[in-house]
1. For A:Arg287, what residues show an amide H to amide H distance below 5 Å, using hydrogens built from the backbone and excluding near sequence neighbours?
2. What is the dipole size for the protein assembly as shown, taken about its Cα centre, with +1 at each Lys and Arg Cβ and -1 at each Asp and Glu Cβ, in debye to the nearest 20?
3. What are the ³J(HN,Hα) couplings of the stretch A:363-380, residue after residue, when phi is run through the Karplus curve with 6.51, -1.76, 1.60 and θ = phi - 60°? Round to Hz, x for glycine and proline.
4. Using the alpha-carbon centroid of each, what span in Å lies between the stretch A:311-388 and the stretch A:164-203?
5. Going by average Cβ neighbours within 10 Å, how do the peptides A:105-117, A:518-530, A:25-37, A:165-177 rank, with the highest at the top?
6. Cα axis of helix A:533-548 to longest principal axis of chain A: angle in degrees, 0 to 90, nearest 10?
7. So which GluC sites (Glu not before Pro) in the stretch B:172-220 are both in a DSSP loop and have at most 16 other Cβ atoms within 10 Å of their Cβ?
8. Using modelled backbone amide H atoms (1.01 Å from N, in-plane), which distant-in-sequence or interchain residues come within less than 5 Å of A:Ala447's amide H?
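Read-outs: derived from the displayed coordinates by stated rules, not from any lab. Only a predicted model underlies this, so the values are computations on that prediction, with no experimental measurement involved. Ideal geometry is used to build each Cβ from the backbone, glycine not excepted, and the neighbour counts take in all protein chains shown.
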Amino acid sequence: MSLGHRLRTLARGGLRPPENDSAFLLDVHRRAVPTERMARYDDDYSVDLVIVGAGAGGGTLAQRLARRGWKVVVLEKGPFWDPDEDWVSDEAGSHKLYWTEERVIGGSDPVELGKNNSGHGVGGSMIHYAGYCPRVHPSDFEVRTRDGVGEDWPISYRDLKRHYERLELELPVSGEYWPWGDPHGYPHSPHPVAGGAEIAWEGARKLGIEIKVGPVGITNGSFGNRPHCIYRGFCLQACKVNAKASPLVTHIPDAIEHGAEIRANCMVSRVEIDESSGRVTGVRYFREGQERFQRADAVAVAGYSIETPRLLLNSTSKRFPHGLANGNDQVGRCVMVQGAPQIAGRFPDELRMYKAPPPEISSEQFYETDETRGFARGFSIQTVGPLPIDWARHVLADGHWGPALREYMRDYNHWYTLGALSELLPLPENRVTVASDVTDGNGLPVARMDYSQCENDRKNIAMAKRTIREIFEAAGAQDTLAIDRYAHLVGGCRMGSDPERSVVDSDHRAWEVPNLFIADGSVMPTQGSANPAITIMALASRLAERLTAKRIGSSQAPPRRRPSVRRPQALTRSGGG
Amino acid sequence: MAARDFRDAGHLPNLREGKPPADPDELPRQRNGVTPQMHGRYPDFNVLDEADHWDEVTRRVVLERVERVPEIRYFTTPEAITLGAFLNAVLAQDREPRIPVLKLIDAKLFSGKREGYRYADMPDDGVTFRRVAVGLDAAARQHGSSDFISASDEVKHNVIQAFADGELHGEVWDELPCSKAWSVVMREALSAFYSHPWAWNEIGFGGPAYPRGYARLGVGQRENWEGAPAFERDPVADTHERGVEGT
């Protein structure tokens, strides 16, 4: 451990993130983000940048650029959540958190969307993620070179490292010193773990598998005006406490404070271009059933791996008859999910796994390629704490229904669950397209996602399941139950150094359109075995740095004219820090 | 009524090789509140007693589920009869009190709420339910019954097991992918059943915990308001251990 790390450990919890006051701009007495002072731009005022989507990528990008004086409008399809009024401590009642409009899934191993991986509203899918915030490993950026699979990234770990460090302060991330990948510490101390985690940990120790607590984007102790975690276990149903990090509480308040407009309930239907110059002129969107057009000097699409390709493919024109930036037929390709099988173990004592946040402990010991295993790349192991409905699906997946299912369900409190995240490889046939014969409420063709595993994927998932089962057996489990499932989404508009085999360059700029950027997880060429949220944020943070340092072409220099902005004068607010 | 030691896992189906699942009627009858069929693994725990500790929005959503279940509006009467019998069987609701799973599913389908994905070779979720209703009758006829509802328990069991195994063929099942249809109808059945506080009573789930939170996270710990399981120790056989022998 370096001296720097020791000093940071001493200061743990007391460090305030640089250039982001979000946690201090929240109200002390209510959970909703204060929007009284938010800027409102006219549709016909050409803002510096329109961002499509207010999730991990869009939220972070908006905050960074607003801080640098850019006039930014974020168009978000879903609502501007008020955690007090909109969210509940209830599984079935959280249906509205997810993207539940129609999408079609195909392929030999179809991926269930909706609740599993697709959010909407300000904060995006980070509203309902578990909270795990691991970095990817340096090896992830060169898997083609190292392991002969997947694709090398056009950037390296070094390009993202300081963005990870900054974001870990902003979220903030709690965890033990992290020995894997590029070893590093975390700004907040690890959370206490529940009984089930202690038992699984003991099993892993007997097998020589190293386990660490964290890393989770949940404050340990209060942070600004965000309260401490109360361990109620409903992380996946959105955090009513504001303890769990999502752009809604980590970046949006600061973006608003610096002049960004977050325009919720706006479904973008097309990115418009000027046919003669080939440059983007703005976006068309639906608001309350009315079609509108927001003019912009540049557009950043941050709709995630399904909606970003869908928007580009639906934005056809004379110049781009097959979809915007899709002249090389790469848009939508190499969309990825992680294999996320879960194994539950049964123990004599009550463990009540619904308590404490589902993210508790994890191991990245199997993350890297090990040639003796017979497949490339690896997996990580993490806690999951299914609530009753998810637990019922777990029992069903093991083949039980009727009286057997009810009996396993009655035994809920004796079980503990671990899950794997297996790195599945990018395959060009795994693709997002538009289902031209199916349209949504606005008449826009919906997305179709086809997904099939390759042999390497199957071997990876099989070993991950075997390993977790061994951990539970070593821990003394009396019975185990397994479920196969997927988690997360990335890829679909990957960045690369070859214009023929990627959609955007290393600066997230579409090869074919000079003022169109993609700022979400769809640019990731591979995914590692890490939960993608903080990597998506780090990529957006780096993109913002490239844009504001004018390292990306001179045409993006923000114009400095007087905006037609309606902004109320400063109001007094409580809770400013 | 046999005593049960839940430290032992012998009641779990995977450990009973060929034996039927443990009979839930060996559990005490629920004494506080309601569980489906009144099985009392946590006989004195009623999660609804805690409703005053929940935030108002959550309380409204959960209590509405218990107190205001709309009548059938989406399914036709014949569909409702077949699907009701099917849901009773797959959820082992063989007598009252039953969680009104069919009505909860009907309400969701009627409202137009969907899950955000549809298999390419499958119809809309609501249509899937309707097709399954027809398909269950077809499968029962293949076993010599006139329809699913009038089939014997054994035929019902065999039809459902074949459905679960993706092994139904003929008529509807030549067009409707069996395994995917099973996954769609069971997803909705389990979401409805285990969204209901009566089911939480049965499994000892603490339920909504905002703003109160949870404090006792360790092995074998529970909050003072959480329910104790029945028969953690046998009140007769362990008299020696407790030093109360002969009293």
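1. Those qualifying (amide H under 5 Å, at least 5 residues apart or on another chain) are A:Arg292.
2. With only Lys, Arg, Asp and Glu charged at Cβ, the dipole is about 2920 debye.
3. 9, 10, 5, 9, 5, 8, 4, 10, 4, 5, 7, x, 8, 8, 6, x, 8, 10
4. 19 Å
5. Ranked by mean Cβ neighbours within 10 Å, highest first: A:518-530, A:165-177, A:105-117, A:25-37.
6. The angle comes out near 30 degrees.
7. Hits after loop and neighbour filter: B:Glu175.
8. Amide H neighbours of A:Ala447, under 5 Å, 5+ apart: A:Val104, A:Ala435.
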